[in-house]
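Data block below; observations after.
No value in this document is a laboratory result; all are computed from the given coordinates. Predicted, not measured: the structure shown is a model, and the values here were computed from it. Positions of Cβ are backbone-derived with ideal geometry, glycine not excepted, and every protein chain shown enters the neighbour counts.
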Amino acid sequence: MNEQRSHIYGVMGEFETAEQLIHATEKTREAGYRHIDAYAPFPVEGLSEALGLKRSWVPYLTLLGGLGGGLTGFGFQYWVNVFAYPLNIAGRPLNSWPAFIPVTFELTILGASTFAVFGMLALNKLPQPHHPVFNVGRFSHASNDRFFLCIEARDPKFHLAESAKFLQGLQAQHVTEVQDD
Amino acid sequence: MSAGQPPLDSPQIRRLAPVIGPGHTYASVTDKISAIVLTRPTSLGWFAGFALAFSLLGVMTIAIGWLIIKGVGIWGINVPIGWGFAIVNFVWWIGIGHAGTLISAILFLLNQKWRTSINRFAEAMTLFAVACAGIFPLIHTGRPWMAFYMFPYPSTMGLWPQFRSPLIWDVFAVSTYGTVSALFWFVGLIPDLATLRDRAVGKPKQIIYGMLAMGWRGSARHWHRYQAAYLLLAGLATPLVLSVHTVVSFDFSVAIVPGWHTTIFPPYFVAGAIYSGFAMVLTIAIPLRKAYDLQDFITMRHLENMAKVMLATGLIVAYGYFFEFFMSEYSGNKFDVFLVNQRLHGPYAPFYYALILCNILTPQLLWFQKIRTNVAVLFLMSIVVNIGMWLERFVIVVISLTRDFMPSAWGRYQPTVWDWATFAGTLGLFTTLLFLFVRVLPAISIAEMRELVAHTSEENE
């Protein structure tokens with residue numbers, strides 16, 4: 001069994017509908033598997049819950065980016081107008097903060113958006129040009145019309161033959177092993 | 001009175017015009033949209049259209065090249081009218097972009113399903129419109145190679161930009177808008193790029209789409225974070241889009257020039273932006289759905305809804321025109337009173353009346369369902385509104401600058417052939433980019449269409 005694990009990423013089953021995938025995911029988790037992942041051609045409602053995914057870190061990163069952008073924006077304008085290049089215009093205050101709001105606002109949005117996008121990509125570990133699941137011939141349907149569930153070999157409960165049988169028991173089609181290379 | 005059309009009463013049209021044609025499955029949606037990019041031969045019409053657009057782009061290159069050699073003196077701008085076509089076109093283009101963000105962000109937050117098949121190309125339109133808009137202030141500086149002066153950088157002169165000026169706010173607003181629109185568009189594209197990667201035949205295509213898709217594999221964990229990021233981007237883009245045209249309107253309203261110095265400018269500019277943007281979305285959507293047989297995806301329901309948004313924002317704009325006029329008269333400020341009367345009776349009055357005709361009177365036809373569901377009329381009307389919104393910016397810029405406080409400072413403005421060439425050239429840039437876009441990227445979001453298929457099949461069960 002250990003020998004198998006070294007060159008096998010997991011076993012994968014295919015489903016025709018999103019409902020079947022959710023059902024199978026729930027059953028697989030109930031059976032005690034934890035290192036599993038589902039693949040779908042669009043975001044399936046309820047799949048995150050079925051997999052037991054926790055709230056993602058993306059919103060916190062976005063908040064961080066927004067705060068960083070806003071503080072940088074305001075702080076920079078303050079520094080420019082009060083310290084670096086003070087202009088006395090008829091004795092008006094140097095820190096004319098209402099005039100700094102538009103740029104502060106824009107930089108808040110810019111910081112939050114870039115953190116949301118690049119944070120999401122980083123947490124997803126993308127770009128990642130190759131992944132073992134691409135070794136499965138039919139997996140190209142994952143970006144078209146089929147739904148996949150993969151039980152990964154690093155799961156303590158994983159056993160090639162039994163996990164495959166388990167997936168077949170869930171009405172999965174084309175159950176195949178996923179080569180790790 | 002078109003014979004042969006079924007009578008369209010309201011409950012029936014809901015059944016007649018769903019957001020997606022009947023009988024579609026995940027695979028059929030994927031096939032149909034990706035085929036435009038991957039398998040369908042490039043049509044003669046595409047080449048003809050592209051050739052025309054590309055020639056116009058050539059005109060732009062010549063016009064800007066000559067401008068860089070000779071300077072802004074080749075334009076019609078003069079001492080009272082320093083802004084001219086460059087600013088008229090800048091405001092027009094940036095306004096057009098706003099509908100793309102409205103569709104992709106605001107309608108997403110409002111859970112409007114009909115946004116799904118039009119958001120991708122509307123976002124592309126936003127990007128291309130921002131690209132066209134960005135050219136104008138750049139070349140209007142006269143020395144575009146010095147444009148980096150507008151950004152804060154530690155210069156040896158120890159100078160910094162004037163952060164109290166709306167013109168600097170504009171630099172930040174437009175560049176943020178361009179960046180966030182590009183990010184939003186790209187995030188939406190990632191799953192579709194993966195689809196194209198998996199379906200492309202031949203190494204070059206597989207490698208290019210594969211690199212762009214970054215190894216997207218549709219993992220549920222990825223979708224989980226993806227959805228969070230997409231929702232947040234929509235939430236961030238919504239105030240952003242409102243802020244951008246507000247800042248653009250500050251370029252005018254912070255100045256004390258009669259006709260510009262009013263508080264109604266920000267909301268009325270934003271409404272005008274969405275108005276012209278939806279007109280442009282229709283101008284693009286109608287030929288697109290015909291050329292690529294996308295009537296199943298961009299249905300009558302979409303066209304009708306867009307027509308309704310145009311009607312609503314058009315009414316807000318009409319309200320803005322009325323109160324601009326009313327408040328000037330009511331204020332008793334003689335410069336303001338004089339200015340609005342100059343719009344009605346001055347040398348540029350024909351433009352003002354044309355603007356009223358295009359922006360207020362013609363769109364009233366959209367109250368009628370027969371008009372809203374007549375594709376040809378709708379197409380013409382979208383062009384009329386585009387022209388009307390361009391005239392609006394012309395009237396705002398030119399009349400105020402030619403008729404300010406002292407008669408000795410009055411002037412006239414006459415665009416030159418180079419002004420027209422530059423404007424036509426940016427139309428060329430815009431259409432060139434659009435033609436390339438529909439050829440190499442999916443013009444409709446495939447992943448979101450699958451989601452729509454999943455939802456509509458649930459409803460039918």
Next item on the list: Give me the angle, in degrees from 0 to 90, between the Cα long axis of helix B:44-70 and the longest principal axis of the Cα atoms of chain B, rounded to the nearest 10.
Entry: 30
Notebook entry, point to check: Using the reciprocal of the averaged 1/r over all distinct C-alpha pairs, how large is the Kirkwood radius of the protein assembly as shown in Å?
Noted result: 27.1
Notebook entry, point to check: Can you pull the mean other chain C-beta count within 10 Å for peptide B:232-240?
Noted result: 5
Margin query: For a quick size check, give me the Cα extents of chain B along its three principal axes, largest first, whole Å.
Written below: 72, 61, 42
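State the volume of the convex hull built on the alpha-carbon positions of chain A, expressed per residue in Å³ and rounded to an integer.
Details: hull volume 28.0 nm³, N = 181.
Considering the Cα atoms of chain A, their hull volume per residue is 155 Å³.
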Next item on the list: Under 11 Å from the Cβ of B:His222, count the other residues' Cβ atoms, weight Lys and Arg +1, Asp and Glu -1, and hand me the total.
Entry: +3
Next item on the list: Within a 10 angstrom radius of each residue's Cβ in B:168-178, how many Cβ atoms of other chains show up on average? Whole number is fine.
Entry: 4
Notebook entry, point to check: In deg cm²/dmol and to the nearest 500, what is the mean residue ellipticity at 222 nm of the protein assembly as shown if only DSSP H runs of at least 4 residues count, each as -39500 (n - 2.57), divided by the residue total?
Noted result: -21000 deg cm²/dmol
Item checked: Per-peptide average of other Cβ atoms within 10 Å, ordering B:349-360, B:114-125 highest first -> B:114-125, B:349-360
Item checked: FRET efficiency, A:Trp79 to B:Phe148 (Cβ-Cβ, R0 30 Å, nearest 0.05) -> 0.90
Check: How do B:199-212, B:79-92 rank on mean C-beta neighbours within 10 Å, highest first?
Finding: B:79-92, B:199-212
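Sort the following peptides by mean Cβ neighbour count (other Cβ atoms within 10 Å, averaged over residues), highest first: B:272-282, B:242-252.
B:272-282, B:242-252
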Note to self: Please compute, for peptide A:77-85, the average count of beta-carbon atoms on other protein chains lying within 10 Å of each residue's beta-carbon.
What the structure shows: 3
Margin query: How much length would be gained if the chain were fully extended between B:Ile256 and B:Ala409, taking 0.36 nm per residue of separation minus their Cα-Cα distance, in nm to one decimal?
Written below: 53.6 nm
